[in-house]
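The values are calculated or read from the model by the stated rules, or taken from the named source; none is laboratory data. From a predicted model like this one, the values you see are computed outputs, not experimental measurements. Glycine also receives a Cβ, built like all others from the backbone with ideal geometry; neighbour counts cover every protein chain displayed.
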Amino acid sequence: MIDFLTSFSPAFVLIVAGIIAALTPVYQGRKVLMVGVPALVLVLINTMYLKGGDHGVLGALGGYFSVAGIELTTIRIDRLSIIWGNIFAFAGILNGIFGLHEKCKITDSSALIYTGAGIGAVFAGDLITLFMFWELLALSSVIIVWRGGKDSYPAGMRYLAMHILSGVLLLAGAVIYGRATGSYAFDHIGIDAPGGKLILLAFGIKAGFPLLHNWIQDSYPKSSVTGTVILSVFTTKLAIYALARGFAGTEILIYIGGVMTVFPVFFAVLENDLRKVLSYSLNNQLGFMVAGIGIGSSLALNGVAAHVVVDILFKGLLFMSMGAVLHRVGTVKASELGGLFRTMPLTTLFCLIGAGSISAFPMMGGFISKSMIIAAVFEEHHYVVFGMLLFASAGVLEHSGIKVPYFAFFSHDSGKRPKEAPWNMLVAMGIAAFLCLYLAFPWGGAFMGYKGLYAMLPYAMEGEAAFHPYTADHVVFQMQLLMGAMFAFTLLKRFGLYPPERRAQILDFDWTYRRLGLSILKWIDAMWTRLGAQTKYLLKLLFGRVGKRLYQVFSPAGTLSQDAPSGIAAVFTAGMLAAILLGVYYF
């Protein structure tokens, strides 16, 4: 059975399971699929990897075939893709556990297909296969967005529009690239390749590049309790994989990533919706990854891969904790929360572990990955971007490390006394929290703690290439940075200078197409209506006068009906004959 399943992409196992889940009326049966199938796929992925080695193209049935002269590769597992494949499958298991209470058939089905599309895209060896899974990813995920409630439909439509645009750009770039090079293989492309800029822009939309990022903050907070957790894993991290595969070492990504780390800090500080705060924080963390891809060194790409793993864990943990609050309280508005630690102590503890991990405290997940990227940027002498990353590191502590747990569980007492989160949510959060700590553990053998994660990274980290996060200078420097940020937060709160939590909508770049763009379209429509009325009047006036003149000429009482001398008729006939002769002569 295992041999049969390893003959084609494991993505299809998840997609078929999603279809079966949509047809399964029994709640318990769907939940077995939600947890069991991602676990099976995790086994299949590693079985394939062990069978095929680091660089094999696997699968006799569906791994490698030709369609209309185009070579398609649906399975390409190497040291880069195996990291994403493993963490995607594991995230699918966690999502299944966290959503065991969820009874929506559509959500379960879409989540399985969404997970399968993400894994299928990661293992795609050509741009056409990547495009097909790229589009399936968008279609399955928008259904998850729409299940969020009454405000989710317009957000889902905007989400879908952005991702369809991404797919169109990817297909256009792939066609140009394939026609020019004769190959559709998905390897390093580069920005100067034919179609490279279109492909980079397609990846940039899903990665949340500046000015293209608002679909994250628009749709994720409007999704359901479980939907936001699922959405936070696959789409943006797949874009990071695609950039690492196709555009490693592209210098412009260093500066794009630097900007991505900085600008969300200001919005997150002002935002009242804590899931939206975490959505801005997601942009911030993606910026570190994009900058590392732009550096393109072995250390930087290893840091990107490691940060993807721990980010999925700690960001998922934070979204799960806020999902638990939303499930029990009905809101995640900072202005309406506070004091929840009294009745939700385990959720509080797990949230604090996620907050410490995203802030890169030593002994917590983000420290062992983020430090690699920052060190790589410094080694390449990009000191301005290095400073931006340091500022962003302090900023993420302020908004995700302090603000989220402080206003949700501490701060003023809101008087709310909800029950602790359901057991399945606590199990999922507990697993993620444990891994956030375990993967940063500094002691043990070669496959313990962070050393185990480092051993799985794309490039060997031995000898001169070895990286040791727990050196005195790394630890002391990081603690100085974190303590400074904590002191600044405390000082601002003490003197009333910290922005208060308000029930208001923070305007971002999406205002240009949600408000300004809509106003412009309405103005154009009004002008077109007025122009149409004026045009109709002018045409009516014109045709009225022309009709009147024609009537004067051709009517029974008109000019041509009047008697005319025979000489005039002869002259008219001669003129027509002359015109015909001239036409024949010249043409």
Do we find that Phe391 is under 30 Å from Gly496 (Cα atoms), buried (at least 22 other Cβ atoms within 10 Å of the Cβ) and touching a helix residue (DSSP H, G or I) at 6+ places or on another chain (Cβ under 8 Å) in this structure?
no
Of all residues being over 21 Å from Leu389 (Cβ atoms) and of a type in the set (Phe, Trp, Tyr) in segment 460-498, which is surrounded by the fewest Cβ atoms within 10 Å (Cβ to Cβ)? Just the residue, please.
Phe495
Quick check on this structure: which one of Gly338, Gly323 is more than 18 Å from the chain's Cα centre (by Cα), closer than 30 Å to Gly415 by Cβ and assigned to a loop (DSSP other than H, G, I, E, B)?
Gly338
When Glu102 is run through (1) crowded, with 24+ Cβ neighbours inside 10 Å; (2) part of a loop (DSSP other than H, G, I, E, B), the failure sits at (1)
Val67, sole failed condition from (1) among the β-branched types (Val, Ile, Thr); (2) more than 20 Å from Gly18 (Cα to Cα); (3) in contact with a Pro (Cβ under 9 Å, 6 or more places away or on another chain)
(3)
Pairs, first within 17 Å of Ser281 (Cβ to Cβ) in segment 237-266, second crowded, with 24+ Cβ neighbours inside 10 Å and acidic (Asp, Glu), C-beta under 8 Å, six or more apart:
Lys237/Asp311
Please tell me if Ala117 is in a helix (DSSP H, G or I), surrounded by fewer than 24 Cβ atoms within 10 Å (Cβ to Cβ) and touching a residue at least 24 places away in the same chain (Cβ under 8 Å).
no
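Among the residues of segment 419-442, is any over 14 Å from Ile368 (Cα atoms), of a type in the set (Asp, Glu) and within 32 Å of the chain's Cα centre (by Cα)?
Looking only at segment 419-442, we keep the residues that are over 14 Å from Ile368 (Cα atoms), and these are 419-434.
Retained after the next criterion (residues that are of a type in the set (Asp, Glu)): 420.
From the residues that got through so far, the ones that are within 32 Å of the chain's Cα centre (by Cα) too are 420.
Checking segment 419-442: at least one residue is over 14 Å from Ile368 (Cα atoms), of a type in the set (Asp, Glu) and within 32 Å of the chain's Cα centre (by Cα).
If you scan segment 380-394, which residues turn out to be farther than 21 Å from Phe489 by Cβ and in contact with a Leu (Cβ under 7 Å, 6 or more places away or on another chain)? If you could, list the steps in order and put the result at the bottom.
Of the residues in segment 380-394, the ones farther than 21 Å from Phe489 by Cβ are 380-386.
Passing the criteria: none in range.
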Matching entry among Ala394, Ala421 (being assigned to a helix (DSSP H, G or I) and aliphatic (A, V, I, L, M))
Ala394
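Got a sec? Which of Met372, Met425 is at pLDDT below 95 and not aromatic (Phe, Trp, Tyr)? Give the steps one after another, and end with the answer.
Numbers: Met425 fails: at pLDDT below 95.
Being at pLDDT below 95 and not aromatic (Phe, Trp, Tyr) holds for just one of Met372, Met425, which is Met372.
Results for (1) in contact with a Ser or Thr (Cβ under 6 Å, 6 or more places away or on another chain); (2) aliphatic (A, V, I, L, M); (3) buried (at least 18 other Cβ atoms within 10 Å of the Cβ); (4) without any contact (Cβ under 8 Å) to a residue 60 or more places away in the chain, shown as yes or no for each residue.
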| site | (1), (2), (3), (4) |
| --- | --- |
| Leu397 | yes, yes, yes, no |
| Lys403 | no, no, yes, no |
| Lys416 | no, no, yes, no |
| Pro422 | no, no, no, no |
| Gly445 | no, no, no, yes |
| Tyr454 | no, no, yes, no |
Residue pairs within 6 Å by beta carbon, gap of at least six or interchain, first lying in segment 337-362 and within 18 Å of Leu397 (Cβ to Cβ), second aliphatic (A, V, I, L, M) and not in a helix (DSSP H, G or I), listed first then second, are Gly356/Met364; Ser357/Met364
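Looking only at segment 35-65, count how many residues are at pLDDT 65 or above and touching a Gly at 6+ places or on another chain (Cβ under 6 Å). Step through it out loud before you land on a result.
Here is the first cut: in segment 35-65, the ones at pLDDT 65 or above are 35-52, 63-65.
From what is left, the residues that are touching a Gly at 6+ places or on another chain (Cβ under 6 Å) are 35, 38, 45.
So the answer is 3.
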Taking into account only those residues within segment 76-99 that are outside any helix (DSSP H, G or I) and surrounded by 24 or more Cβ atoms within 10 Å (Cβ to Cβ), which is modelled with the highest pLDDT?
Gly99
Residue pairs, Cβ under 8 Å, 6 or more apart or interchain, first in segment 468-492 and part of a helix (DSSP H, G or I), second acidic (Asp, Glu). List them.
Ala485/Glu398; Ala488/Glu398; Phe489/Glu398
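Condition (residue is at pLDDT below 95 and in contact with a Gly (Cβ under 7 Å, 6 or more places away or on another chain)) applied to segment 148-158: is it met by at least one residue? Steps first, answer last, please.
Restricting attention to segment 148-158, the residues satisfying the condition of being at pLDDT below 95 are 148-158.
Retained after the next criterion (residues that are in contact with a Gly (Cβ under 7 Å, 6 or more places away or on another chain)): 148.
Yes: segment 148-158 contains one or more residues that are at pLDDT below 95 and in contact with a Gly (Cβ under 7 Å, 6 or more places away or on another chain).
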Looking at segment 295-312, which of the residues that are in a helix (DSSP H, G or I) and in contact with a Gly (Cβ under 6 Å, 6 or more places away or on another chain) is nearest to Ile87 (Cα to Cα)?
Val310
Would you tally the residues in segment 341-359 being farther than 30 Å from Val475 by Cβ, of a type in the set (A, V, I, L, M, F, W, C) and assigned to a helix (DSSP H, G or I)?
0
Which listed residue, of Tyr406, Tyr450, Tyr459, is in a helix (DSSP H, G or I), over 20 Å from Gly338 (Cα atoms) and either out of contact with any Gly (no Cβ under 8 Å at 6 or more places or on another chain) or of a type in the set (Gly, Ala, Ser) (or both):
Tyr450
Please verify whether Ser140 is small (Gly, Ala, Ser) and touching a Ser or Thr at 6+ places or on another chain (Cβ under 7 Å), treating the condition exactly as stated.
yes
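Considering each of Gly445, Gly387 in turn, give the residue that is touching a Lys or Arg at 6+ places or on another chain (Cβ under 8 Å) and either farther than 16 Å from Ala360 by Cα or assigned to a loop (DSSP other than H, G, I, E, B) (or both). Step through it out loud before you land on a result.
Numbers: Gly387 fails: touching a Lys or Arg at 6+ places or on another chain (Cβ under 8 Å).
After applying the criteria, what remains is Gly445.
The rows are residues; the columns are (1) farther than 28 Å from Gly330 by Cα; (2) within 15 Å of the chain's Cα centre (by Cα); (3) not hydrophobic (A, V, I, L, M, F, W, C).
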position	(1), (2), (3)
Met132	yes, no, no
Gly148	no, no, yes
Gly156	no, yes, yes
Met162	yes, yes, no
Leu170	yes, yes, no
Phe186	yes, no, no
Asp192	yes, no, yes
Gly195	yes, no, yes
Go through Val259, Val277, Val265, Val269 for me and flag whichever is at pLDDT 90 or above, out of contact with any Ser or Thr (no Cβ under 8 Å at 6 or more places or on another chain) and not in a loop (DSSP other than H, G, I, E, B).
Val259
